[in-house]
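Input: a single structure, listed below in C-alpha cells.
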Amino acid sequence: MIAVWLVTLLCGSPCASRADSAWRYDVRAGDHLVYREIMHQEIDGRVVYGLGTARDKPFGPPFTASGRYEWVSHVLVLRATSGRITVGVQRNRSRDDTLAASIEGASQADQTQLASRMHSRERFAQGNVLTATGDAMLPWAARREMRSKVLWDVFELPSLPTAPVSVGTHWQATDPFAFDMHLAGVDTVSGESCLRAEGAASAAALIPRAGAEADSIRVRYWYCPASHLVRRLEFDGTYPDAIFHKVHETVSLALESVRRGETPASWLASADLRQGALAAAAIADSATVRETLAEPGLDSVLTGGDTASARVLLGIRYRTGAAPPALPVLASLLASQNPRVRVLAVRELLRADSASARALLERARSDSDYFVREAAAQRAPADSARAAAPACAATDLGATPAARAHAALPQGTSFRGMGSAPFRGWPYGVYIPDDYRGDEPFPLLIYLAGNSGPAIEGVQLGDPAFQRTGYLVVYPNSWGGWWRSGTETMVDSLVSEVMREYAVDPERIYLSGLSNGGTGTFDYVSLWPQRFSAAVVAMGAGLFGFTEAGGDRPFVSNATHMPLLFLHGKKDPVIPASATMKTVDSLRAQHADVAMRIFPERQHEIIPGAGDDGATVDFFEHHTGRAMPRTLTFAAATTAHARHYWVEVLEKEEVPGSVAMKGSDGAEDAVRAQLGALVHVEVRASIDSHNTIHLDTQHVARLRLLLRPDLFEHPGDVRVVLNGKTAFTGPLVPDCAVYARSWAASHDPYLAYSTELTLDVPR
C-alpha cells in the first residue's frame, strides 16, 4: 500500500514551491521510480486483539514473532493523459533478516509454518488508474506478503488536498483509513525543500472492536513541489491481523532513483519489472493494451517459467480478443503446474479452429484438475429463465438476462460499495477471474469472514484458496454477528446486486464462511435456501448457536432442500465440534442432504478452500444446479424472511384473544405484541402429479404462491387445497408484468416466475 501511495505524489510539470499551493499529480508515460522500503514487524499471538493480555489466543499455540524486511518498489507509468494516470507497481523482496519467533510449547513444524507465513511472498504486482488529485479509480486490494490486516490487503491511494493548504491546514483523506491530515511544516529532504504532511487514524476505523480505539495508525510523508515527488514516507500502525493477533508495524520508504523515457518492451524483458508492466496493461485502455501486446518477445514470457506473468498475459489476450499464441506455446502451457494457466490455455485453444487445437483440447478433457476439464468440455450453463419466462415483448420484460450485457472488468480483487438502497456504500470485496469478460456466466461464491466479519479478512483468507477455481468471489462486510437483522438483510440484497452487475451462472451460486461466518452461513441457508446451489459451514455454531443463547433461529426444516457440508476440528476450543454434530443430527432426522467432516487433531483453524484438504471445492464441484422442490416445509418467526422457494407468507395470524391479558387497551396490545413475536408461521406444501397444490398452515393469515410451468408435470388447470378446502381452481395465466417484477427484484432467473396467486387463509 505504501509504495503505491508514492506513485500518486508525482508531478511532471512545474509546480509552485510555496506551502499554500494546491497539490496535484501529473506524470508522463515511461516514468520509472524506484523506492527502497524497510519494514519492522512484531506479532503478539498470545492474546485476542482488543480483549487484553489475560486470555490466550484460541487459534493454535500462543507465540510471538518479529522480522525485518527490505523491499524495492518499482513504479511504472504506462500512460498519462487527460488526468488519467495508468500505473503498475512491482515490489520485489531484496532482503530478510533472520526471523525471531517463539511458539510456547510448540513443535519445530509449527515454527516452520509460522516462518513460512511471514515469508510467503517474494514479489507482487498491482495496477491502478489515478486521477490528478491522487484518487484511485480502481479500488484495488492487493494481497501482500505480510500477515497484517492493513498492509497485507488494503491497496488504496491517499487523497491529496483539493484546495491550497498552508502550514497548520487540516483535510480529510478519502482512503480507507480516513486519515485526519494536516500540513505540519517544511523540511529539507535530499537537498530539496519539501512539505511534511502528517495524519492519524484509529484502528477502530478498520474494525470496530473493544480496545481498538487505543491503537492508532500514523503516517507522514514529504511532498516536494520542485521535483513533484514524495521523497520519504514513514508509517506506524498497530492493528489486528487476519486471525486477530496483535501486529505492530513500522515502515519507511525513500526514493532512490527516477528514470525517464523507458519503454514497455524494456519492462517486459526484466523479471524485476515484468509483472508490474503487465498489471498496468491489464487495466489500460484498449489502444494501450494493443500497443503492449504488439511488443516483441511476448511468447517468451509465456514459456519462460514465470507463471504469474504467463497467467496475467493469457488473461489479457483472452479478454481483449487478441490473436491466440501459437499452438506449440499453448501445448507447453497445458503442461504448466498451475491449473489456472492450463484453464487459460484451454480458453485460447477454443478460439483456435484447427485439428491440432482439437487434439490438445481432447487431452485437456482428461486433465487432473476439475476446472481444466470443465473449461475443455465447453458445457454451457442451463438457462433457468426459460422455464419461467412467458411469451412477452421485450418492452414488457425490461432488463432480463437476454437483454442485459455485462461489462468486462479488470482481473483482481477490489473493494467496492453497494449501490442499492438502503445499503448504499456498504463495503464488500470482489474477486474477478483472469478470464472474465462479461459475455459468459461464471460460478459465484459468497464468502463470510470470521471474527467480527470484516470483508478484508475474508479477502485475506479466501483469496489464496479460491483464485485457482475461476469463481467470482464476493466478500461482504459485517461488523459483528452475521445474523444481525441489518446484516442478514444486506446479504440477500447483495446477492441480487451481484447478479445484476456481473455475469453469474445461476446454476452455481455457493455460500460459505468460517466461525462467525460459518454460523451466519447456516442461518442464511435457513432464510434463503432458494438462493444457493450448495453451502459449506466451517467451525460454525450451527443451530445451537441460537438456541443455547435463547434465540429461535434458524429453523431446521428450512435447510433440508439444499446440499450442506459441515467442517469442524475435534479439538476446537472456541466453538465445540458438538455444535456441528448436533446440527447435522437434527438435519438428518428430517432427511436433509447434509455431509459432515470432523478433523480429529484440528482446532479453530479450518479455512474453507484452503485448510480443509480440498473438501469445500470438491463439494461445490459435485453440486451444480438448483432444483425447485415440489414438496417443502418451512417456518418463520416474522414475515421479514418468509419466502421459501415458491411459497411466501404475507401476514401472520393475530394472537388469539383467549391468551391476551385483560385490562386496559394498552396493556392488552402490549401482551399481544409480545405473544405475537413468539408465534411462528409454519407451512407444509406439496404439488402432486395431478397439478394439485396442497397447503397446510399454522398461524398464517395470508400467503402468496409464486408459480411457473416447470413446477407441474403437465399443462392444464391447477387446483389449490388450503387447509383441506379448495381455495382455487383454474388455469395459470402467464403475466408479463409479474415476470418482469420478479426478475427485477432478484435478478436471478431461478427466482423469476410467471404467475402469482394470493390467498387468504380462512379463520
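The values are calculated or read from the model by the stated rules, or taken from the named source; none is laboratory data. These figures come from a predicted structure and were not determined experimentally. Heads up, the Cβs are rebuilt from the backbone with ideal geometry, glycines too, and the neighbour counts pull from every protein chain shown.
General remarks:
- Candidates Val301, Val289, filtered to the one that is more than 27 Å from Glu374 (Cβ to Cβ) and not charged (D, E, K, R): Val289
- Screening segment 302-342 for residues that are in contact (Cβ under 8 Å) with a residue 60 or more places away in the chain and surrounded by 19 or more Cβ atoms within 10 Å (Cβ to Cβ) and picking the one that is farthest from Ser286 (Cα to Cα) gives Arg340.
Yes/no matrix, rows are residues, columns are (1) modelled with pLDDT of 85 or more; (2) assigned by TED's automatic domain parsing to the domain that holds Val72; (3) out of contact with any Asp or Glu (no Cβ under 7 Å at 6 or more places or on another chain):
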| position | (1), (2), (3) |
| --- | --- |
| Pro225 | yes, yes, yes |
| Phe244 | no, yes, yes |
| His248 | yes, yes, no |
| Leu255 | yes, yes, yes |
| Glu291 | no, no, yes |
| Leu302 | yes, no, yes |
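- Test: residue in segment 641-649 that is more than 29 Å from Phe371 (Cβ to Cβ), in the same structural domain as Leu448 (by TED's automatic domain parsing) and touching a Phe, Trp or Tyr at 6+ places or on another chain (Cβ under 7 Å): no
- In summary, helices (runs of 4 or more DSSP H) completely within segment 513-599 and bearing 3 or more residues that are of a type outside the set (Phe, Trp, Tyr) occur at 516-527, 577-589.
- Checking Val655 against (1) among the β-branched types (Val, Ile, Thr); (2) buried (at least 17 other Cβ atoms within 10 Å of the Cβ); (3) at pLDDT 90 or above, the condition it does not meet: (3)
- Candidates Glu213, Glu198, filtered to the one that is at pLDDT below 85 and either out of contact with any Cys (no Cβ under 7 Å at 6 or more places or on another chain) or over 30 Å from Arg437 (Cα atoms) (or both): Glu213
- Of the residues examined, Val537 is not one that is among the β-branched types (Val, Ile, Thr), surrounded by fewer than 24 Cβ atoms within 10 Å (Cβ to Cβ) and in contact with a Ser or Thr (Cβ under 8 Å, 6 or more places away or on another chain).
Okay, residues lined up against (1) in the same structural domain as His561 (by TED's automatic domain parsing); (2) of a type outside the set (Ser, Thr, Tyr); (3) surrounded by fewer than 17 Cβ atoms within 10 Å (Cβ to Cβ); (4) at pLDDT below 95:
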site	(1), (2), (3), (4)
Arg626	no, yes, no, yes
Thr638	no, no, yes, yes
Met661	no, yes, yes, yes
Ala667	no, yes, yes, yes
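- Across segment 268-287, the qualifying residues are those that are in contact (Cβ under 8 Å) with a residue 24 or more places away in the chain and assigned to a loop (DSSP other than H, G, I, E, B), and the one among them that is farthest from Arg93 (Cα to Cα) is Asp285.
- The single condition among (1) on the phi > 0 side of the Ramachandran plot; (2) crowded, with 23+ Cβ neighbours inside 10 Å that Asp613 does not satisfy is (2).
- Boolean, Arg290 is farther than 28 Å from Asp26 by Cα, touching a residue at least 12 places away in the same chain (Cβ under 8 Å) and among the charged types (D, E, K, R): no
- In this entry, Ala254 is excluded by the filter for residues that are without any contact (Cβ under 8 Å) to a residue 24 or more places away in the chain and among the hydrophobic types (A, V, I, L, M, F, W, C).
- Test: residue in segment 736-752 that is surrounded by fewer than 15 Cβ atoms within 10 Å (Cβ to Cβ), assigned to a strand (DSSP E or B) and outside the structural domain of Glu497 (by TED's automatic domain parsing): no
- Single condition Ala592 does not satisfy, out of (1) over 30 Å from Ser689 (Cβ atoms); (2) touching a helix residue (DSSP H, G or I) at 6+ places or on another chain (Cβ under 8 Å); (3) modelled with pLDDT of 90 or more: (1)
- Residue in segment 79-93 that is farthest from the chain's Cα centre (by Cα), counting only those that are surrounded by 12 or more Cβ atoms within 10 Å (Cβ to Cβ) and either at pLDDT below 85 or among the β-branched types (Val, Ile, Thr) (or both): Gly83
- Residue, modelled with the highest pLDDT, within segment 11-35, restricted to residues that are closer than 20 Å to Thr188 by Cβ and either touching a Leu at 6+ places or on another chain (Cβ under 7 Å) or surrounded by 18 or more Cβ atoms within 10 Å (Cβ to Cβ) (or both): Tyr35
- Condition met for Ser496 (touching a residue at least 40 places away in the same chain (Cβ under 8 Å), farther than 25 Å from Asp593 by Cα, of a type in the set (Gly, Ala, Ser) and in a helix (DSSP H, G or I)): yes
- Check on Gly67, within 30 Å of the chain's Cα centre (by Cα), crowded, with 18+ Cβ neighbours inside 10 Å, at pLDDT below 70 and not assigned by TED's automatic domain parsing to the domain that holds Gln603: no
- When Gln603 is tested against (1) more than 24 Å from Thr560 (Cβ to Cβ); (2) not hydroxyl-bearing (Ser, Thr, Tyr); (3) not assigned by TED's automatic domain parsing to the domain that holds Ser557, just one condition goes unmet, and that condition is (3).
- Selection count where residues are at positive phi and among the small types (Gly, Ala, Ser), scope segment 712-763: 3
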